[in-house]
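Comments concern the structure below.
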Amino acid sequence: MALTSPWRADFPGMLALDSESQTYLDSAATAQKPQAVLDALLAYYAGGAANVHRAQHLPGERATRAFEDTRDKAARWLNAASAEEIVFTRGATESLNLLAYGLEHLFSAGDEIVISAAEHHANLLPWQQLAARKALRLVVLPLTTAGDIDLPQATTLIGARTRLLAVSQLSNVLGRWQPLESLIQLARDQGALTVVDGAQAIVHGRQDMQALGCDFYACSSHKLYGPDGVGLLYGRRSALQCLQHWQFGGEMVQQANYHAATFRHAPLGLEAGTPPVSGVIALGATLDYLDSLDADAVSAHEAALHQMLLAGLQRYEDVRLLGEPQTALACFTIDGIHSGDLAHLLTEQGIAVRVGHHCAMPLLQRLGVNGAIRVSLGLYNDESDLQRFFAALDNALELLR
Ligand code: PMP
């Protein structure tokens, strides 16, 4: 029997794309949203919008309560020690930039920041630019052929000069789960701070901040089936205290005169200006929706579909997979065929996949490819999507060969 997704009907975007004969296989870029999230957005606006943390009037209090409810839910979702450890940002990228600015004062020339060769630009460029500003050394951990951070090499490269380790938990290109516990332990043994880019990982299972033991964890709502324009930054309480304020404006101030100001502690001290109120409230609805699902059934569905994707790709002799993906995506090239040409023909047949360098140019250079096609799966995808993808791939290859 064909593998279907019991959750597809919850996502109006998928149904709309179905009716346009579009096969959406790009959830690693952004995910479709369940009806519950659309309802929450509409309910907030239709019920009377208001700013948060400012006004005492009823709509303001209501918005503030719903906004802070999401902080509580996110803290429970991530098993943070308290809601005070959750900072709302505009996305994973902003969370990581906040860290690179907020921690800058801790570094001196010659200190080392350690990242991996698999990082998305969002977890490379903020550190690269910080290194340039402060004359630091950026150390890049090499990968195994499967795409894992090479632990024996990491053991020698994380050392006494390491002040910070920043790695992604699940690569958006290689789809590998990195050996985070060991890496975090290596960094902590050296007294270094640890930052995890969880933008992809958080989508495929709940993460436990207290068990993981990292200092900071960054992710985006829009990949997690929530609205865009909202990000989460988890910071262990003691680590948040190391951060200097980085954006200045409304509601992050304790006292201000024309020449000086004092600022609130995190999280509100790191949330200058009007936050994405509707998005944060709708992220709360997203977490409720995800909580209502049987997590084991979702994982089993994603794993079965991913196996089908890999098995289907392996039928083509000249397909070259980038790494050995474990979860929800596969990036590949086909010998002798330009990925852009192939993507064009797939697009013409209504297949929505991503092509290019996937915001990881140095990684693709290291793998010796200019661009690759990425197929990525969400919990709403099913076997029929893969069948349409492979039929379109066959057609395209027939034309191109
Ligand atoms: N890290 C990884 C691994 C990602 O895949 C992405 C998004 N492609 C990001 C960070 C940045 O997320 P955003 O664009 O939502 O800020």
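Every number in this text was worked out from the coordinates using simple rules, so none of it is lab data. Nothing here was measured: the structure is a model prediction, and the numbers come from that model. Positions of Cβ are generated from backbone atoms using ideal geometry, with glycine treated the same way; all protein chains shown enter the neighbour counts.
Rounded to the nearest 5, the antiparallel percentage of DSSP beta bridges internal to the chain is 55%. Counting only residues at least eight positions apart within a chain, or on another chain, the lysines with an alpha carbon under 20 Å from that of K73 are K33, K223.
Rounded to 0.05, the FRET efficiency of the D189 and R366 pair, given R0 = 35 Å and the Cβ-Cβ distance, is 0.80. Spin-label pair D69-S182: with each label point 7 Å from Cα along the Cα-Cβ axis, the two points sit 4.4 nm from one another. Measuring between their Cα centroids, the range 147-204 and the range 9-65 lie 33 Å from each other. Near D318, once Lys and Arg are set to +1 and Asp and Glu to -1 for all other residues with Cβ below 10 Å from its Cβ, the sum equals 0. Between H265 and L397, the simple spin-label model (points 7 angstrom out along Cα→Cβ) gives 5.9 nm.
Between A16 and A211, how high is the FRET efficiency from 1/(1 + (r/R0)^6) when r is the Cβ-Cβ distance and R₀ = 41 Å? Nearest 0.05. Computed FRET efficiency for A16 and A211: 0.60. Among residues other than G336 whose Cβ falls under 13 Å from its Cβ, what is the net charge (Lys/Arg +1, Asp/Glu -1)? With Lys, Arg at +1 and Asp, Glu at -1, the net is -2.
Note on the chain: the alpha carbon radius of gyration divided by the globular reference 2.2 N^0.38 Å gives 1.02. How about the range 273-374: which chymotrypsin sites (Phe, Trp or Tyr not before Pro) there are in a DSSP loop, with at most 15 other Cβ atoms within 10 Å of their Cβ? Taking the range 273-374 and a limit of 15 other Cβ atoms within 10 Å, the loop chymotrypsin sites (Phe, Trp or Tyr not before Pro) found are Y316. When only Cα pairs below 8 angstrom with a gap of at least 6 residues are kept, the chain shows a relative contact order of 24 percent. Projected label points at L38 and T145, each 7 Å from Cα along the beta carbon direction, are separated by 4.7 nanometres. Applying the criteria of a DSSP loop state and at most 16 other Cβ atoms within 10 Å to the trypsin sites (Lys or Arg not before Pro) of the range 1-82 yields R54.
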